[in-house]
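The values are calculated or read from the model by the stated rules, or taken from the named source; none is laboratory data. Nothing here was measured: the structure is a model prediction, and the numbers come from that model. Every residue, glycine as well, gets a Cβ built from its backbone with ideal geometry; the counts of neighbours run over all protein chains shown. Heavy atoms of the whole protein, side chains included, go into the accessibility calculation; ligands, DNA and RNA do not. Shrake-Rupley method; radii C 1.70, N 1.55, O 1.52, S 1.80 Å.
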Amino acid sequence: METWSELAAAQAGVLSWRQLRELEVTRGLVRSKVSSGRWARRTEEVFTTTTGPLSPEQRLWVAVLHCGPDAVIGGLTAAGLHGLRNWERDDVMVIVSNENSFEPVAGFTTFRTRRRLGLLRHPSPLPTCALEPAVLLWAAHERSTRSAIGARAATRPSR
C-alpha cells in the first residue's frame, strides 16, 4: 500500500480528500497539517503539501483531482502538454463525466461528456486526454467569432 507522502511525491504535492480517505488518513491529521501551515487547502476537495503559490504542474493536478477520479486534462491544456505551442489559455480545461457533480473553481473550465473517459486517456501519470480527442472535442464545442460565413460577410462591401 502506498503512503500519502509517496502519493503526494508522485502528484507534485497534491492530494484529494478521496485519496486521503482511501489511504485511511484521518480528518484529524489533515486538520493538523492545514492548521499548522504545513499543508494548504486549495479547493473543497484538494490539498497541497506546500503552502506557497501553485506551480504550473500543481495547478493541473489540483484541477483534475478536484473534478473526480475519472476526470482528465483536456482541450488546449492537454494539447499544450502534448507539445502544441502558441494556443495557451489562462484556464485549465478538464473533461468530466456528465454525471459528476462538484463546485466550480476559478481558473478551471470543465467540459462534460457522455463519452467513456478511460478511452480518451493518454497513459501519462497526470490524467490527460490523448492529443487527438482533446483537440477534436475542443474544436467541436468551442465557440468562434471567426468562420467562413463571418469572413465573407466582413469582406463584402457595405451598401
Dipole check, the chain, charges on Cβ (K,R +1; D,E -1), about Cα centroid: among Gly80, Thr128, Gly13 the Cα furthest to the positive pole belongs to Gly80
When the gyration tensor of the chain is built from Cα positions, what are the square roots of 5 times its three eigenvalues, in whole Å, from largest to smallest? 36, 16, 14
From phi via Karplus (6.51, -1.76, 1.60), per-residue ³J(HN,Hα) for segment 116-133 in Hz, x at Gly/Pro: 7, 5, x, 6, 8, 6, 7, x, 6, x, 6, x, 10, 6, 4, 4, 4, x
Probe radius 1.4 Å, ligands and nucleic acids ignored: give me the carbon and sulfur share of the accessible area of the chain as a rounded percent. 51 percent
Between Phe108 and residues 5 or more places away or on another chain, which pairs have amide H atoms under 5 Å apart, with H built 1.01 Å from N, and which residues are they? Val92
Cα-Cα separations in segment 39-123 greater than 19 Å, expressed as whole percent: 37 percent
